[in-house]
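What follows is calculated from the coordinates using simple rules that are stated; it is not laboratory data. All of these numbers come straight from a predicted model, not from anything done at the bench. FYI the Cβ positions are ideal-geometry reconstructions off the backbone, even for glycines, and counts take in every protein chain you see.
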Amino acid sequence: MNQRLGPPIQSDRTRSAQVVSYGQFLSHEVMETEIPPFPENDCCEKPQMDNIDFCFPLEIPSNDNVLPPGCLNFVRATPRMDADGVRQQINLATPFVDASTVYGSTQELNDILRVPYSYLLKTDNNLLPTPPGVNTCFDPVIPNRCPVAGDRRVSESPMLSVQHSVWLREHNRIATELHILNPHWNQETVFQEARKIIIAMLQQITYNDFLPTILGQTTMERFKLFSRDVNEGVFDDSYDPKVNPQILDSVNVAAHRYGHSQLTNNQNFADEGCNTVTINYLKDTFESPRLVQQNNGANIPFLARHLACSASNKLDNFIADGMRNFLLRLPEAPGSDIVARNIQRGREQGVSGYNIWRKICGLEPIKSFNKFGEFGNALKELYNEPDDVDLFIGAMLEKDPGFNVGPTFQCLLGMQYQLIKSGDRFWYERPCEIFSFTEAQLKSIKKNTRISKIFCRNLGIHRIQENMFFLPNRKGNNRILCDEIPDIDLSLWRSADVDRRENR
Ligand code: HEM
C-alpha cells in the first residue's frame, strides 16, 4: 500500500536525527508489546499458519517492487483476556517515563544490569554490558557480542544503542559523583539517588524539550504537558490517583509509530566539523551492535555527531526504503515492511479506524476520499469507504501548519503523555516528604538539564548546539563548546551531615 503513497525521502529543515532516535528510545521506554519470538514462530508454515489466534501472516502481492510475492511472517501479540473476556495485549515495559530502558522493567533484569553490592551499572569497557549467557542478539549470523540494557530492543539500530549507552554512562558518572560527595552513604542509597536524578532528567527532557518538537506548543498547553515554570514555583503536584496510566492501543499501534516516517536511510559517521566521513545504510545496520562496539566504542562520537548534525526526515506519509522494504533483513533478504506491519498490528488488535479516532478527538470525520487531497485517488483504490481507512494511514496523511504530527496524533499522544504524567506517583516535580528533591535540587534539574550536555559529558564530543533536537543552523542554536552549556549542580546533593563533619 505504501508504495502508492509517495517517494521515500523528504528532509526536515529544522529537526535533527536526534529527534528520531530519542523518539524511538522514548517509545521503548513506555511500551513493549509481548509478541511470541520469531523466526522461531513462523506463520508462513503449516499447521500454525491456520491458527488465527496466533498467526496473521501478510500476503505480498505479485506486483510488489521489492519483496517476493507470497507469505510474509506475522505473529500476533500474546493474548490475555480482560475481565469482560475481551482479548487484550500485554505491555512488558512500565508505562511511565521512569528510565526502565536504563534499569529494566523487572527486578530480575535490574539484578542482571547492576554490579552486585555497588552503586554502578555493569559495563563492558564502558560500553553496554554483554553478560555471558544472556542472548539478546537477533542476528544469528554475524558474530556480535550481545549487549543487554533495560530494554531488549537495544540494538534495533546503532542510533538507539547510542541513546542507551549515553544514559548508562550518565548513571555511572552521577553515582560516582554522589559517592564522592557523600562517602558515608551506602551503595544502595547512592544507586537509588542516582537513579532518581536520571529519571528526573528524562522526564524534564521529554516533557519540555522533546514532546514540543513533535506536538507543537498548542497541544503541549492544551494537555498541560509542560513542567511548571521555575519562575512560578518549583514543585507541582500533578498526581491523580484515579488516572489509569496504561498505554492506549491506538497509541501503540499507530500514534507513537509516527517516528517511522522520520527515519532516514543513513546512520552515518560525522567528524568534529559535522562532515559525513562514513556512510552506513540503515538496512545494513539493524540489530548490529558491532558498529557501536568496534574499537572499544570509537565510533560512538561519530554516531553522536551524526545525530546532532543531520536532518531527520519530515513527519509525513513517506517512509525511507530501509524501513519499508528491507526492515530487519536478517540474516538475509527478504525483509519486512514497517508500514504493512503497523497496519496489520492495528488490525490484529482490533483498533478502530481513522474516522472513529477523529470523532473521539473532536475532529470532523473524513467522509469523502477527495478530502484526503492528492492521495485521495490512491486510497479510493485501496479502501471501499473512507471509514475503512486505517488509523496509521489516515493520521499520517494529515498536515499540520507547524509541521508537527497531525491533529489526530496530537490528540492521542497528548492524551497519553498526560495520563502517564498525572498517573505517576513518583513524578519528579511532586512535593513529598519521603522522596522529593529539595527545592534547590529540583530548580537545578529544571533549569540546567540539556540532552546536549549529557552527550558532551559522556560521548567524547566537544562542540554541539544547545538544543540538540533542532539542527545547528537554526537561529540561536549554533554549535558551541560543550563547556558553554549549563549543567546540573551536583554539589546540591552533598548532605548536610557531610558539611558538618568537614567543618569540624
Ligand atoms: C531504525 C529504527 C527503527 C526500527 C528498525 C523499528 C522497527 C520496529 C519494528 C520491527 C516494530 C514492530 C512492528 C510490529 O510487528 O508491530 C516496531 C514497533 C514500534 N515502533 Fe519502531 N522502529 C524504528 C524506529 C522507531 C521510531 C523512530 C519510533 C517513534 C518515534 C518507533 C516507534 C515504534 C512503536 C511505538 C512501536 C510499537 C512498540 C511495541 O508495542 O512494542 N520506532 N518498530
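Order 462-470, 212-220 from most to least packed using the mean count of other Cβ atoms within 10 Å. Kindly include the intermediate steps, with their values, before the conclusion.
Numbers: 462-470: 21.4, 212-220: 19.3.
Highest to lowest by the protection proxy: 462-470, 212-220.
What is the percent of Cα-Cα separations in segment 78-201 that go past 26 Å? Don't jump to the answer; show the numbers that get you there.
Details: 2197 of 7626 pairs.
Taking all Cα-Cα pairs of segment 78-201, the fraction more than 26 Å apart is 29 percent.
Across 10 Å bins from the origin, how do the percents of Cα pairs in segment 227-271 run, short distances first?
Per 10 Å bin, starting at zero, the Cα-Cα P(r) for segment 227-271 comes out as 18, 21, 26, 26, 9, 0 percent.
Using DSSP to define loop residues, name the GluC sites (Glu not before Pro) in segment 27-124 whose beta-carbon has at most 10 other beta-carbon atoms within 10 Å.
In loop regions of segment 27-124 (DSSP not H, G, I, E or B), the sparsely surrounded GluC sites (Glu not before Pro) are E40.
Enter the per residue convex hull volume of segment 108-264, computed from alpha-carbon coordinates, in Å³ rounded to the nearest integer.
190
By per-residue mean of other Cβ atoms within 10 Å, what is the highest-first order of 264-271, 405-412? Write out the running numbers ahead of the final one.
Numbers: 264-271: 20.2, 405-412: 23.2.
Final packing ranking: 405-412, 264-271.
Take every Cα-Cα pair in segment 1-100 and report what % of them are more than 24 Å apart.
Working: 2536 of 4950 pairs.
The proportion of pairs with Cα distances above 24 Å equals 51 percent.
I'm a student and want to see the number: the projected area of the Cα convex hull of segment 199-318, averaged over all directions, in nm². Intermediate values should be presented prior to the final figure.
On the way: hull surface 44.4 nm².
For segment 199-318, averaging the hull's shadow over all directions gives 11.1 nm².
Give me Rg over Rh for segment 390-504, both radii from the alpha carbons and Rh done the Kirkwood way, two decimal places. Intermediate values should be presented prior to the final figure.
Numbers: Rg = 20.2 Å, Rh = 18.2 Å.
We get a ratio of 1.11 for segment 390-504.
Starting from one equal scatterer on each C-alpha and no solvent at all, send me the Debye-based log10 I(q)/I(0) for segment 272-368 at q = 0.13, 0.23 Å⁻¹, two decimals.
Cα-only, vacuum Debye calculation for segment 272-368: -0.71, -1.25.
Give the list, by residue number, of cysteines in the chain with no other Cys Cβ closer than 4.7 Å, or say none.
Here C432 come out as lacking a disulfide-compatible partner, given the Cβ-Cβ threshold of under 4.7 Å.
Take the Cα radius of gyration of the chain and divide it by 2.2 N^0.38 Å, with N its residue count; two decimals is plenty.
On the way: Rg = 22.9 Å, N = 504, 2.2 N^0.38 = 23.4 Å.
Normalised Cα radius of gyration, the chain: 0.98.
Starting from 0.36 nm per residue, how many nanometres of slack lie between R494 and D124 once their C-alpha separation is accounted for?
Values: separation 370, 0.36 × 370 = 133.20 nm, distance 2.95 nm.
That works out to 130.3 nm of additional length.
Take the alpha carbon atoms of segment 313-418, find their radius of gyration, then divide it by 2.2 N^0.38 Å using N residues; give the quotient. Before the final figure, lay out the partial values.
Values: Rg = 14.8 Å, N = 106, 2.2 N^0.38 = 12.9 Å.
Computed over Cα atoms of segment 313-418, the ratio equals 1.14.
I'm checking a number: the convex hull volume of the Cα atoms of segment 240-310, normalised per residue, in Å³. What is it? All intermediate terms of the calculation are to be shown ahead of the outcome.
Values: hull volume 11.3 nm³, N = 71.
Taking the convex hull of the Cα positions in segment 240-310, it is 159 Å³ per residue.
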